[in-house]
Amino acid sequence: MTWIFQAVPTFFLVAGWATAVSWTRRRTDAGLSRQAWLRHRVARVLGPSAAYVVLVSAVVVLLQIAHVASSTLEYAGWAIAMHLWFLGVYLVVVSLTPIAVAAQRRWGLLVPAVSAVILVAVDVALRLGLISHMGWLNYLLCWGVLYQLGIAWRNGLLTGPRPVLLAVGSAAVLALLIWQGLYPVSMIGVPGQAVQNTSPPSAAMLAFGCAQAGLVIALAPALNRLLRGSAVQRVLTLANSNVMALYLWHMIPVVLVAIIGYPAGLLPQPPEGTAAWWLARLEWVFVLGLVTAAELALLWWGRRLFAAPLPTFSAVPGRWAEPATLVGAASAAYGLAYLAAAGFAPDGNFPWLAAATFAAGVLLVALAPSRAAIPTS
């Protein structure tokens with residue numbers, strides 16, 4: 001069941017394809033330098049992210065001042081921050097796009113293949129206890145492989161039977177790993193499970209992601225034909241322009257309903273698996289749907305804030321612009337990764353250092369060279 005809801009591999013695959021398109025067209029279509037292109041891409045992520053982090057941080061600080069129970073604040077702060085890991089990884093792979101594209105042109109599919117081998121080596125070393133603090137590397141390796149496959153797809157390296165072979169071969173590896181009992185079936189984190197496929201991403205997650213990627217690439221021509229209608233294109237364009245805000249804010253309804261509904265006794269908790277439990281799940285989904293609809297309306301109303309790219313201003317000499325952007329992206333990625341791991345209120349306290357690290361990164365990205373061409377789209 002969790003396989004249906006695990007769509008992160010597709011996100012990174014498509015992101016790699018789209019970013020490769022943007023990178024190769026940067027000069028012919030927009031006349032952008034490398035640093036201007038990089039700032040533009042990073043700013044599109046950090047604008048909505050900064051709005052989310054600032055507003056959530058303000059609420060958490062106010063709740064801490066109001067002496068809300070530390071356990072409640074810690075859990076809620078973790079729940080609304082755990083999805084930020086995606087943005088941290090995404091910032092890193094986007095920043096490495098010029099290198100990734102160049103490597104792809106020189107070594108082709110050997111690039112994701114070598115990355116996959118390194119991931120497996122790290123995964124095995126982690127499971128054997130040979131290393132203990134390198135799990136974060138597999139976040140970059142696993143999702144970097146999918147991102148690299150997206151670039152390969154854009155460059156025409158995954159044509160003909162290759163997508164099907166990728167899907168079938170990866171699915172066979174995944175089935176073998178699960179059948180041997182080396183990894184759990186679930187592709188979403190399950191609390192209390194000894195071995196997780198997601199944190200950090202395991203060899204099984206990589207196999208699952210590659211199988212999903214092969215399937216998506218194989219089905220892409222048929223999907224493109226289905227999505228050619230003008231009405232569908234308008235909907236997709238609208239969704240694409242607000243997708244970052246939607247991703248950032250999608251956990252807020254869950255937390256609001258949980259911290260209000262459960263303590264107040266509005267959401268019953270019958271024995272798991274019973275008919276009453278399933279009815280309670282339907283009630284939960286219905287209430288979440290209502291709250292989410294209200295949130296979507298607010299996000300649409302405030303889209304100039306919640307979905308806008310990070311504004312930039314001229315403040316640094318041209319030669320320092322690209323280093324500032326790269327350091328800023330790395331700093332922001334670290335801040336987001338820390339928040340995703342610890343939450344907005346670890347031990348009931350707001351993490352000021354992590355917030356400052358993120359803020360410093362955002363500020364560095366916003367510093368444009370005095371004569372840089374900043375795109376408007």
Inset, instruction - Give me a count of the residues in segment 131-163 that are modelled with pLDDT of 95 or more and surrounded by fewer than 23 Cβ atoms within 10 Å (Cβ to Cβ). - result: 0
Inset, instruction - Can you tell me which residue among A175, A220 is at pLDDT below 95 and closer than 20 Å to L119 by Cβ? - result: A175
Legend entry - Residue in segment 58-74 that is within 24 Å of the chain's Cα centre (by Cα), outside any loop (DSSP other than H, G, I, E, B) and charged (D, E, K, R) present: yes
Inset, instruction - Could you please find all residues in segment 135-160 being in a loop (DSSP other than H, G, I, E, B) and over 20 Å from the mean Cα position of the chain (by Cα)? - result: N155, G156, L157, L158, T159, G160
Legend entry - Which listed residue, of L84, L38, is in a helix (DSSP H, G or I), under 22 Å from A307 (Cβ atoms) and modelled with pLDDT under 90: L38
Legend entry - Selection status of A30, more than 23 Å from the chain's Cα centre (by Cα), among the hydrophobic types (A, V, I, L, M, F, W, C), at pLDDT below 90 and surrounded by fewer than 20 Cβ atoms within 10 Å (Cβ to Cβ): yes
Legend entry - Selection within segment 117-131 - of a type in the set (V, I, T) and closer than 10 Å to S202 by Cα: V120, V122, V124
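The values are calculated or read from the model by the stated rules, or taken from the named source; none is laboratory data. Remember, predicted model here, so these are calculated numbers, not experimental data. Positions of Cβ are backbone-derived with ideal geometry, glycine not excepted, and every protein chain shown enters the neighbour counts.
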